[in-house]
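Beneath this line is the structure, given in structure tokens, with notes to follow.
The values are calculated or read from the model by the stated rules, or taken from the named source; none is laboratory data. Fair warning: this is a prediction, and the values are worked out from it, not measured in the lab. Cβ coordinates were reconstructed from backbone atoms using ideal geometry, including for glycine residues, and neighbour counts include every protein chain displayed. Just the protein is used for accessible areas: all its heavy atoms, side chains included, with ligands, DNA and RNA removed. Shrake-Rupley method; radii C 1.70, N 1.55, O 1.52, S 1.80 Å.
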Amino acid sequence: MTDRTAEEATRIRWLKAVVIGLGIIFVGLAVLLLVLIMTGGPKRSATVAPSAPRAVSVEDLIVTLPKNSRVADVLATGNRIVLRVRLMDGTERLYALDGETLKPLGSVTVQVEK
């Protein structure tokens, strides 16, 4: 063998090793992806420290609704309570209340364009 042929053989050996190594990495990643998909991924458990009970005083609250209206929904999100009230003429009004004190925060009237 000449120097040139030996050099090409060495390059081909290195190229084969690189291709085989990348193939093994690719197959390993594909198997890992399949396992994660089949098992639903890593399980994360967040430990939540129990909050200390606190005294909250809530007084009687009266929300006056317009005549001939009715409460369609009561929604709670975070620290807010939203009352969805359907009025007699078909419009809706949203009343926002503070979740801790039940004090009214405001209202929004939703009207459909006629």
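Which whole-Hz ³J(HN,Hα) couplings does the stretch 20-37 yield from phi under the Karplus relation 6.51 cos²θ - 1.76 cosθ + 1.60, θ = phi - 60°, glycine and proline marked x?
For the stretch 20-37, the Karplus-derived couplings read 5, x, 5, x, 5, 4, 4, 5, x, 5, 5, 5, 4, 4, 4, 5, 5, 5 Hz, x marking Gly and Pro.
Heads up, I need the accessible area for LEU36: 1.4 angstrom probe, whole protein in place, Å², nearest 10.
80
Once the piece of chain linking VAL18 and LEU61 is laid out straight, how much longer is it, given 0.36 nm per residue of separation minus the C-alpha distance between them?
8.0 nm
Taking amide hydrogens as modeled 1.01 Å from N in the peptide plane, which residues meet the under 5 Å criterion relative to ARG80, leaving out close sequence neighbours?
GLY99
Label ILE25 and LEU102 with points 7 Å out from Cα along Cα→Cβ: what is the distance between them in nm?
Spacing of the two 7 Å Cα→Cβ label points: 6.4 nm.
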